[in-house]
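Down below is the structure, laid out as structure tokens.
The values are calculated or read from the model by the stated rules, or taken from the named source; none is laboratory data. Owing to the predicted nature of the structure, the values given are computational and were not obtained by experimental measurement. Glycine also receives a Cβ, built like all others from the backbone with ideal geometry; neighbour counts cover every protein chain displayed. For the accessible areas, the whole protein counts, side chains as well, though only heavy atoms, and no ligand, DNA or RNA atoms are used. Shrake-Rupley method; radii C 1.70, N 1.55, O 1.52, S 1.80 Å.
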Amino acid sequence: MPPASTEAPTTVGASAAPSPDSPLLAPGVTGYRRMSFALFAAGVAAFALLYSTQALLPAVSADFAVTAGQASWTVSAATGALALCVLPLSALSERFGRSRMMTVSLTIAVVVGMLVPFAPDLGWLVALRAVQGAALAGLPASAMAYLAEEVRPKALVAAIGLFVAGNSIGGMSGRVLTGWVAQAWGWRAALAAVGLLAVLCAVVFRLLLPRARHFTPGSLSPRALAWTVRGHLADPLLCRLYAIGALFMTVFGAVYTVIGYRLVEEPFSLPQGIVGSVFLVYLVGTASSAAAGKLVARAGRRGALYLAVATTAAGLLLSLADVLAAVLLGLVLITAGFFAGHAVASSSVSRTAKTGRAQASALYQSAYYLGSSAGGTLGAVAFHAGGWEATVVLSLLAVLGVVSITLYGTRCARARRQLVPAAAQR
């Protein structure tokens with residue numbers, strides 16, 4: 001009787017080998033520029049919708065007579081739902097295709113975005129935002145997998161950096177737009193304006209995205225999916241990258257959820273439009289994420305992470321000053337450090353996972369947005385309990401976590417390098 005098979009189930013989402021007439025995309029290859037603009041537009045729409053209420057939290061709190069912690073759920077519900085749904089939707093993308101999943105997700109999110117301004121109370125607003133976040137879950141992991149399959153490995157960090165840059169532009173434009181529209185016509189009109197922006201971006205995305213040439217449909221078998229996920233979670237490097245993404249986003253979620261409350265209060269007392277314009281510092285994130293590839297080439301992945309961490313920590317400490325210029329410079333440093341770190345960590349996930357790339361990216365996105373949800377809520381609670389200083393302490397603890405994980409990874413890498421020569425001498 002033959003022995004029982006110990007082979008893994010069919011791997012979810014194995015990529016097809018590139019055919020000679022379908023070269024992988026890279027700068028100079030036909031379709032690369034269209035792909036870059038398409039995913040840039042998708043990133044703009046996703047972040048503009050996902051964080052559309054963040055700059056409006058003081059206005060939402062005043063209108064519904066709720067605390068900062070309660071209002072923060074309009075952000076945390078969206079990011080939390082995205083974190084919970086990104087893995088199952090990434091599995092669907094393995095069967096039905098990355099392009100189709102991204103299109104459906106963005107379409108549903110845009111439709112819900114046009115309903116959000118009509119929410120009658122906070123409960124309905126939080127519920128609609130949760131649905132919106134769940135819909136958007138099909139976009140990020142599918143986009144990362146699409147890039148990993150369609151782009152040359154040497155160009156992958158730069159391509160993902162452009163997608164992340166679209167995220168930063170979306171986050172910035174959504175917040176700036178909502179700030180000024182809310183000051184003139186109220187927060188509901190501001191949310192409607194973000195919805196219209198997302199519609200435009202969705203149309204651009206669908207028109208420009210090149211057809212996937214290197215995708216092979218995978219299985220929807222729960223057993224195969226569980227096997228793939230278990231394999232990713234058993235990989236120490238992937239787990240460290242997931243934790244780094246979550247901790248970076250905890251900082252970012254805490255800072256940008258609370259900063260609006262700080263700036264409308266003494267000693268700054270800024271109007272809503274000016275508070276929204278503060279998010280122009282997202283342009284720094286656009287530059288730092290797009291430059292992540294060059295940074296990795298010069299300093300290595302761990303070196304780039306150390307630089308991102310140091311920049312973020314310096315920004316947090318600088319933001320403690322009760323001087324507007326110092327606070328703004330602090331936000332610039334926090335934003336630059338966060339987006340650089342996120343681009344490096346997310347591209348490392350796509351590079352590390354050889355199979356089931358959508359699931360690997362989905363697990364990263366789950367950790368990333370759980371960090372955002374936790375950071376937004378805990379940051380608001382900390383601010384209510386101890387002011388901006390408490391929010392900064394919470395964020396610095398998360399930064400310390402990133403440093404600890406990166407140092408541990410460096411030690412593990414050195415230990416492996418020492419073992420290889422020793423084994424070769426035997």
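Relative to the dominant Cα principal axis of the chain, helix 98-115 is inclined by about 10°.
Taking Cα Rg over 2.2 N^0.38 Å as calculated from this structure, the corresponding entry among (i) 1.02; (ii) 0.97; (iii) 1.08 is (ii). For segment 188-200, 3J(HN,Hα) computed residue by residue from phi via the Karplus equation (6.51, -1.76, 1.60; θ = phi - 60°) reads 5, 5, 5, 5, 5, 5, 5, x, 5, 4, 5, 4, 4 Hz, glycine and proline entered as x. Stretching the chain fully between SER404 and ALA297 yields a gain of 36.2 nm (0.36 nm per residue, less the alpha carbon separation). Work out the charge dipole of segment 134-267 with +1 on the Cβ of Lys and Arg and -1 on the Cβ of Asp and Glu about the Cα centre, then indicate which of PRO236, LEU207, VAL181 is farthest towards its positive end. It is LEU207. By how many degrees, 0 to 90 and rounded to 10, does the Cα axis of helix 324-352 deviate from the longest principal axis of the chain? Helix 324-352 and the main axis of the chain meet at about 20 degrees. Around the amide H of LEU25, modelled in the peptide plane, lie the amide H atoms of VAL151, ARG152, all under 5 Å away and 5 or more residues distant in sequence or on another chain.
Atom-type composition of the exposed protein surface of the chain places 69 percent of the accessible area on carbon and sulfur (1.4 angstrom probe).
Think of a 1.4 Å ball rolled over the protein heavy atoms: the chain then has 40 Å² of accessible area per residue.
Between helix 222-233 and the chain there is an angle of about 80 degrees, using the helix long axis and the longest principal axis of the Cα atoms. Converting phi to 3J(HN,Hα) with the Karplus coefficients 6.51, -1.76 and 1.60 and the offset θ = phi - 60°, segment 386-403 yields x, x, 4, 4, 5, 5, 5, 4, 4, 5, 5, 5, 5, 4, 4, x, 4, 4 Hz in sequence order, with x at every glycine or proline.
Sites listed here are trypsin sites (Lys or Arg not before Pro) in segment 326-361 whose DSSP assignment is loop and whose Cβ has at most 12 other Cβ atoms within 10 Å: LYS354. Computed from backbone phi, the HN-Hα couplings of segment 158-171 come to 5, 5, 5, x, 5, 5, 5, 4, x, 4, 5, 5, x, x Hz, rounded to whole numbers (Karplus: 6.51 cos²θ - 1.76 cosθ + 1.60, θ = phi - 60°; Gly and Pro given as x). Using a Gaussian network model of the chain in which every pair of alpha carbons under 10 angstrom is joined by a spring, one finds that among SER395, SER221, SER350 the greatest mean-square fluctuation is at SER221. One equal scatterer on each Cα of segment 285-348, no solvent, Debye formula: the resulting log10 I(q)/I(0) at q = 0.12, 0.25, 0.26 Å⁻¹ is -0.29, -0.91, -0.95. Taking N as the number of residues in segment 88-226, what is its alpha-carbon radius of gyration divided by 2.2 N^0.38 Å? Scaled against compact globular proteins, the figure is 1.18.
The trypsin sites (Lys or Arg not before Pro) found in segment 186-256 that occupy coil by DSSP, while having at most 14 further C-beta atoms within 10 Å, are ARG211. Looking at the chain, which longest stretch skips every one of the GluC sites (Glu not before Pro) that is in a DSSP loop with at most 16 other Cβ atoms within 10 Å, leaving the sites themselves out? The segment 8-264 is the longest one with no such site. Think of each Lys and Arg Cβ as +1 and each Asp and Glu Cβ as -1; about the Cα centre, that makes the dipole of segment 74-169 roughly 200 debye. Rounded to the nearest 20, the size of the Cβ-charge dipole of the chain about its Cα centre is 1720 debye, with Lys and Arg at +1 and Asp and Glu at -1.
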